[in-house]
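Beneath this line is the structure, given in structure tokens, with notes to follow.
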Amino acid sequence: MSRKPADEAEGVIEDNEYVNAPVRPEDKAPPDRRLLFSSPSLPLLAVCWILLLLIMGLRIYFSFVISEQNVKLMKEIQELSTNFTKQITDLEDNWEKFNVNRAQWTIDSYCPADTSKVRTCSACQRGWYHIQKSCYVFHNSEAPSDLKTWEEARENCRGRDADLVVVHDEEEKVMRDLRERL
């Protein structure tokens, strides 16, 4: 397609007419308003605002829920702390009572009172024999119901804050044998 120079001159005139043509009223709006209302990004912008509002709403909601949970947890911690403190106090009281009872038992065992309430102390408990530096009690039971295994006998001794005898030298063995015959 070729143009003639005369046709080109007409095109220039038309372009001048287009540039100088009067403006339509909607084209007179400021450029920012025109873009805002006629932009294809308007739905995207609306979705972004809705998402932002949703996120802010969820944050406020969860902050409220978390603060309520924190209050509940603090109450539970306070209650557990109070219970734990009470248990410790009870254990301390029981320990003191146990120690007093044990001390009284020790006094009664090692320093028994006679009928006149006078106490006479000895190195060993009542019913035990003092041999060298140790105290012994002998159980020579022949009754089958009183027979114990080694483990049961040891537990029985440990319940009395003692242990089964271990002979360390010949003299101790002779003394033990002597007592067994008695």
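The values are calculated or read from the model by the stated rules, or taken from the named source; none is laboratory data. Because the structure is a prediction, the values reported are computed rather than measured. A quick note on method: Cβ atoms are made from the backbone with ideal geometry, for glycine too, and the neighbour counts reach across all protein chains shown.
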**Request:** Inspect all residues belonging to segment 109-117 and state whether any of them is assigned to a helix (DSSP H, G or I), modelled with pLDDT under 80 and outside the structural domain of K173 (by TED's automatic domain parsing).
**Result:** yes
**Request:** List every residue pair whose Cβ atoms sit under 9 Å apart, with the two residues 6 or more apart in sequence or on different chains, where the first one lies in segment 114-139 and is touching a residue at least 60 places away in the same chain (Cβ under 8 Å) and of a type in the set (K, R) and the second, anywhere, is surrounded by fewer than 10 Cβ atoms within 10 Å (Cβ to Cβ) and in a loop (DSSP other than H, G, I, E, B).
**Result:** none
**Complete:** Only one of I55, I50 is over 40 Å from the mean Cα position of the chain (by Cα), more than 30 Å from Q132 (Cα to Cα) and modelled with pLDDT of 95 or more, namely I50
**Asked** All but one of (1) in contact with a helix residue (DSSP H, G or I) (Cβ under 7 Å, 6 or more places away or on another chain); (2) loosely packed, with under 10 Cβ neighbours inside 10 Å; (3) among the small types (G, A, S) hold for S122; which doesn't?
**Response** (2)
